[in-house]
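In what follows, a single structure is set out as structure tokens and then discussed.
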Amino acid sequence: MADPRFFNVADPITLGRLAEIAGASLAEGADPDRTIVDVAPLETAAPDQISFLENKKYLSALAETRAGACLVHPAFVERVPQATVALACDAPYRGYALVAQAFYPRQGNTPGVAPTALVDPSAIVDATVEIGPGVIVGAGAEIGADCRIDANAVIGPGVVLGAGSSVGACASLSHCLIGQRVAIYPGARIGQDGFGFAMGAGGHVRIPQTGRVIIEDDVEIGANVTIDRGATQDTVIRRGAMIDNLVQIGHNVEVGAGSVIVAQSGIAGSTKLGEFVVLAAQTGLAGHLKIGAGAKLAASSGVMRDIPPGEEWGGTPAMPIRKFWRHYTRLMKLLDEKG
């Protein structure tokens, strides 16, 4: 059970309704009107809670679970204990995510502006917006309906924040246009100068960064992420991209729709990611590259060349993942032979 000091669980939900939410099939003979009160892991779930199995590594936990219901792939329905109701679906983890959202829906805003906030008179702020203590909203900024801006965040002049978006504490936004339902976590920095210089022995000359950051709908920006604005064109984060904490995105980068960028990754200027690219943790991409749609990079990859669509690469310098493992295996064998 989640700590009630921080999380409010919804009213109990019937198994029939949970099956609808998850896109699952309820086990034959199960009572669709039986109620479930919460989600929980297999190991700790109680008879009035629902859990899930996605990875077969946890089949032993499934065998011992006391959960009242469990979302599982059809292949594992027979492994569900007799006292636990199986909800069969092709993507149990996704089903669990939808069920968890039903039990813990996004909390609504408390419209209003804190007394210590500073909102420029020329800013356009919808009446449903919640603005926390110490927030600064600059001249000409536009903040759409049902937005929430937490304490000490800075919304710079001219910034647009689409409806249903949220900005975490101490984040700062400048030179950017933000879509709808975008979640920006605490400490994020969006729209600051890109890292652009004309280098030379006589000193480095800064190049004015005259682009913007464009973030489309349904994007998540993790805590302490930095996204530089473009030099002469825009930095663009396409619809539905998910960016983990502590990611650096350089000027003129384009992140494709649905892409996932995991913590401590860095993308140098003018590199383009296609749709649904995955960068595992600590991946580094050089500048001016093209990463094809659906490509996947293993953790700590160092990418110095273009990657075709749909391929999996790893290592530094990065190479196709099978080639990387062949090289690694040979290297380990040589080292073993040398004692």
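The values are calculated or read from the model by the stated rules, or taken from the named source; none is laboratory data. What you see is a predicted model; the values in this text were computed from it and never measured. Cβ placement follows ideal geometry from the backbone for every residue including glycine, while neighbour counts extend to all protein chains displayed.
Overview of results
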read-out: Residue within region 299-309 that is crowded, with 17+ Cβ neighbours inside 10 Å, of a type in the set (A, V, I, L, M, F, W, C), free of Cβ contacts under 8 Å to residues at least 24 places away in the same chain and not in a strand (DSSP E or B) present; value: no
read-out: Single residue of region 94-123 satisfying the filter (aliphatic (A, V, I, L, M) and part of a loop (DSSP other than H, G, I, E, B)) that is surrounded by the fewest Cβ atoms within 10 Å (Cβ to Cβ); value: Ala114
read-out: Count - residues of region 185-226 that are part of a strand (DSSP E or B), over 11 Å from Ile237 (Cβ atoms) and of a type in the set (A, V, I, L, M); value: 2
read-out: Tally, over region 10-41, of residues that are surrounded by 13 or more Cβ atoms within 10 Å (Cβ to Cβ) and either at pLDDT below 95 or under 15 Å from Val77 (Cα atoms) (or both); value: 6
read-out: Considering residues of region 1-47 that are part of a strand (DSSP E or B) and in contact with an Asp or Glu (Cβ under 8 Å, 6 or more places away or on another chain) only, the residue farthest from Leu98 (Cα to Cα); value: Thr35
read-out: Subset of region 311-327 that is in contact (Cβ under 8 Å) with a residue 12 or more places away in the chain and exposed (fewer than 13 other Cβ atoms within 10 Å of the Cβ) - its residue that is farthest from Gly258 (Cα to Cα); value: His327
read-out: Contacts under 9 angstrom Cβ, first residue in region 84-108 being touching a residue at least 12 places away in the same chain (Cβ under 8 Å), partner assigned to a helix (DSSP H, G or I) and of a type in the set (Asp, Glu), 6 or more apart; value: Ala86/Glu78
read-out: Filter result (of a type in the set (A, V, I, L, M, F, W, C) and either at pLDDT below 95 or more than 16 Å from Tyr96 (Cα to Cα) (or both)) within region 48-75; value: Leu59, Ala61, Ala63, Ala75
read-out: Answer from Ile149, Ile124, Ile136 - the residue that is under 25 Å from the mean Cα position of the chain (by Cα) and not basic (Lys, Arg); value: Ile149
read-out: Odd one out for Gly156, checked against (1) closer than 18 Å to Ile237 by Cα; (2) touching a residue at least 24 places away in the same chain (Cβ under 8 Å); (3) not hydrophobic (A, V, I, L, M, F, W, C); value: (1)
read-out: All positions within region 124-147 that are closer than 30 Å to Pro12 by Cβ and in a loop (DSSP other than H, G, I, E, B); value: Thr128, Asp146
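Results for (1) among the basic types (Lys, Arg); (2) in the same structural domain as Arg181 (by TED's automatic domain parsing); (3) more than 24 Å from Gly162 (Cα to Cα), shown as yes or no for each residue.
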{"position": "Gly230", "(1), (2), (3)": "no, yes, no"}
{"position": "Val260", "(1), (2), (3)": "no, yes, no"}
{"position": "Leu279", "(1), (2), (3)": "no, yes, yes"}
{"position": "Thr283", "(1), (2), (3)": "no, yes, yes"}
{"position": "Ser300", "(1), (2), (3)": "no, yes, yes"}
{"position": "Arg305", "(1), (2), (3)": "yes, yes, yes"}
